[in-house]
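Down below is the structure, laid out as structure tokens.
The values are calculated or read from the model by the stated rules, or taken from the named source; none is laboratory data. Here the structure is a predicted model, which means the values were calculated and not measured. Every residue, glycine among them, receives a Cβ derived from its backbone with ideal geometry; neighbour counts consider all protein chains shown.
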Amino acid sequence: MIPRLAHIFRFSLVLLLGASGAVGQETDEPQEGGLTGTGIMGILNHERAIEIEGVSVVLPANLSVTSPLGPVTVDQLQAGDMIALQLGGTLQTPDVVAARQVIQLLGPVTQVTDETLTVMGTQVHNLTQLSRSDIGDWVAVSGYWRADGVVATRIEIVQPRQRAHIQGTYDALSTGLGRIGGTTIRSQSEPAVDQGDVVRVTGRFGGNTIVADSVEVGHFAQDVRTVLAQGYLSAPAPSGYYTVLGTGISSLMSRPEMINQQRLVTACGLDGDLVTDQTSILGVSVLCR
């Protein structure tokens, strides 16, 4: 059982999404409330569904998915791929508004050991039963960010390309200079990024650095206020500030020494802040109440 950061569910919900939206759901509470402005991000299983705690979302067969690899269809996705879904409608008639394949790393392998790959300066872990790669191979890595790199759920060898890609929690170092994992990000101007934001960076790669052509904030193309996701916790700052890496969700902890960076957790965020039992339910999606 993956631990929760907060008691975020008071019911069990199943969303079965057909070509034009969901065709049914089951809850222990009255079916009310809207899903507009709600996002969910998780790993596909073999049924091409995302399952997080009591929530299961099956991808519609005709869904078009945006990807750093180019537009893809549901049939092209594989178990282990990470997908961010923007939901709309209500519990009675939910719908998938938009879908994006979340690829943490897209670039060349620069180092290989028995236990890890290094891609653009960032280590990739959990290679058991995943595609083996050689130095120089270009790979698309899906998985969860952790303090020591990416815990991979799928590694796909792809054709080399002109631009590399990275997506994760941005750590600003100085004007025009930042870091995601072990990869340095250089840009001509300072990105409009807040502390804890997730960014999608595309650009030219050299060494452990991407020179950014494009820096976009967030997993979703449109405004999403509430996000349900899973991830590993960052190391806490002296103030107690920490993030759920790769999700855009952050919070403060009065006892930062209690943070366990090695456990995958479930979290729900409202406008980037972790939803807890003390959060007002006003504005919080029914998925997180």
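Regarding region 232-252, can at least one residue be identified that is without any contact (Cβ under 8 Å) to a residue 24 or more places away in the chain and of a type in the set (Ser, Thr, Tyr)? Reasoning before the result, please.
First pass over region 232-252, keeping only residues without any contact (Cβ under 8 Å) to a residue 24 or more places away in the chain: 236-240, 242, 252.
Still in the list and also of a type in the set (Ser, Thr, Tyr): 239, 242.
For region 232-252, residues without any contact (Cβ under 8 Å) to a residue 24 or more places away in the chain and of a type in the set (Ser, Thr, Tyr): present.
Applying the condition of being in contact with a Ser or Thr (Cβ under 6 Å, 6 or more places away or on another chain) and under 14 Å from VAL224 (Cβ atoms) to region 77-124 and asking which residue is modelled with the highest pLDDT yields ARG100. Criterion applied to THR175, THR110, THR118, THR169 was being under 17 Å from ARG204 (Cβ atoms) and not basic (Lys, Arg), and the one residue passing it is THR110. Say we look at region 125-151 and pick out the residues that are in contact with a Ser or Thr (Cβ under 7 Å, 6 or more places away or on another chain), free of Cβ contacts under 8 Å to residues at least 40 places away in the same chain and not in a loop (DSSP other than H, G, I, E, B); which of these is farthest from ARG186 (Cα to Cα)? If we take residues in region 125-151 being in contact with a Ser or Thr (Cβ under 7 Å, 6 or more places away or on another chain), free of Cβ contacts under 8 Å to residues at least 40 places away in the same chain and not in a loop (DSSP other than H, G, I, E, B), then HIS125 is farthest from ARG186 (Cα to Cα). Within region 253-269, the residues that satisfy the criterion of being modelled with pLDDT under 90 and not polar (S, T, N, Q) are MET253, ARG255, PRO256, GLU257, MET258, ILE259.
Filter region 95-121 for residues that are within 15 Å of the chain's Cα centre (by Cα) and in a strand (DSSP E or B); which is surrounded by the fewest Cβ atoms within 10 Å (Cβ to Cβ)? Steps first, answer last, please.
Pass one, region 95-121, residues within 15 Å of the chain's Cα centre (by Cα): 98-106.
Then keep just the ones that are in a strand (DSSP E or B); that gives 98-102, 105-106.
Numbers: ALA98: 18, ALA99: 21, ARG100: 22, GLN101: 22, VAL102: 22, LEU105: 31, LEU106: 24.
Per the criteria, the residue is ALA98.
Screening THR183, THR247, THR169 for residues that are at pLDDT 90 or above and in contact with a Leu (Cβ under 6 Å, 6 or more places away or on another chain) leaves exactly one candidate, THR169.
Applying the selection to region 164-207, what residues are buried (at least 16 other Cβ atoms within 10 Å of the Cβ) and not in a strand (DSSP E or B)? Of everything in region 164-207, those that are buried (at least 16 other Cβ atoms within 10 Å of the Cβ) and not in a strand (DSSP E or B) turn out to be TYR170, GLY181, SER187, PRO191, VAL193, GLY196, ASP197. Within region 208-239, the set of residues being within 30 Å of VAL57 (Cβ to Cβ), among the hydroxyl-bearing types (Ser, Thr, Tyr) and surrounded by 15 or more Cβ atoms within 10 Å (Cβ to Cβ) comprises THR226, TYR232, SER234.
When restricted to residues that are within 24 Å of GLY149 (Cβ to Cβ) and in a loop (DSSP other than H, G, I, E, B), region 208-239 contains 9.
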